[in-house]
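These notes concern the structure reproduced below.
Every number in this text was worked out from the coordinates using simple rules, so none of it is lab data. Everything numeric here is computed off the predicted structure, so don't read it as measured data. Cβ: placed from backbone, ideal geometry, glycine included. Neighbour counts: every protein chain shown.
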């Protein structure tokens, strides 16, 4: 059913695509080998950098070829829509689709399949408006973080998962990373940490909670001769990102504009503000795409973050900041051997119960048999 294109799907992508298409067409069999009813909505949950756009395009193409479905691709930012169009063309997938802004007030109404990129936004009022106006036959959601900080529930008939960030790193699809922990997340020490060791950190993306923090950070970096751009909802984002990609800008600072839909494999370090799991995974993921010349990427957080990224994926090395500099957290190479030997010793130990306990246990067994 899947059309041959110029890109070869990775094994986990093939499984995601096949399951989703089968669910939409009512051809999916559950664990009891019974056909499940056709689903109207399916969400693909897969990590940042795993190729969700390619998966979505292949699913759309399969449904288009099987049913003649008219496809609409929805995203909240223009760069995400442009990215989907570019991927469709670059890989030769050939989906005939219409791009639709999430904030479109008068969207087309002749669409059968609505592909919702970054579908954690699907519970928003703008998304509800689109669904009510278009009323598509099928809805396909794509997301790396299927949860919202406002706890509003995402309603999809089926959710398809396959692999996580840690496994993608182990399989070589994402880059391994070192993890650094700072005491606090304040502008001045962050500037000092970066400026005094620029070669270590390389091209970096910084995340702050406010625009004022971003602008203060930019001013301090520029005073040290370091190029930095603050990306906001009203800035010239395309020009800023182009300058960053070609190396004319060394550092990007933002609040939440670049937490999703921004791909630049040349980023060496992601500086991740204290945040919950969803935003943390999105922000750290900006630095995990593989890039020639950068065998190991870096994620920097602080001690008071609600979600240390090491809970999501295991780093290659961990470092803590002390007054005298970075210290590596190294495992004792004999730790596993010590654990194994301790278990063996416990297993081989002969334990003799005290006479009183032995008699008590025997009496209980006798009374149990008498009953």
Sorted by mean Cβ packing within 10 Å, highest first, what order do the peptides 274-283, 168-177 take? 274-283, 168-177
Give me the Å³ per residue figure for the convex hull around the C-alpha atoms of region 161-201. 108
At a threshold of 8 angstrom on Cα-Cα distance, excluding pairs fewer than six apart, so keeping six or more, what relative contact order does region 11-163 reach in percent? 32
Under 15 Å from a point 7 Å along the Cα-to-Cβ line of residue 104: which residues of region 77-92 have their amide N that close? 77-85
Under 1.5 on a/c is rounded, so check that first for region 11-163, then, if it is not, pick prolate when a/b is larger than b/c and oblate when it is not; a ≥ b ≥ c are the square roots of the alpha carbon gyration tensor eigenvalues. rounded
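Please report, to one decimal in angstroms, the Kirkwood hydrodynamic radius of region 1-76 built from all distinct Cα-Cα pairs.
One over the average 1/r among Cα pairs gives 13.2 Å for region 1-76.
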Sort 29-41, 51-63, 196-208 for me by packing, meaning the mean count of neighbouring Cβ atoms within 10 Å per residue, highest on top. 51-63, 196-208, 29-41
In region 168-329 the DSSP beta bridges are antiparallel at a rate, in percent to nearest 5, of 20
Nitroxide proxy distance, nm - points 7 Å out along Cα→Cβ at residue 40 and residue 266: 4.7
Let me know the volume per residue of the alpha-carbon convex hull for region 221-280, in Å³. 105
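Evaluate E = 1/(1 + (r/R0)^6) for residue 167 and residue 223, where r is the Cβ-Cβ distance and R0 equals 35 Å; express this FRET efficiency to the nearest 0.05.
Computed FRET efficiency for residue 167 and residue 223: 0.20.
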Linear extension gain, residue 137 paired with residue 239, 0.36 nm per residue minus alpha-carbon span: 32.9 nm
Length added when fully stretched, residue 78-residue 128, from 0.36 nm per residue minus Cα-Cα: 16.1 nm
Hey, how much of the P(r) for region 168-329 falls beyond 24 Å, as a percent of Cα pairs? 27
State, to one decimal in nm, how far the label point of residue 199 lies from the label point of residue 324, with both points 7 Å from Cα in the Cβ direction. 2.3
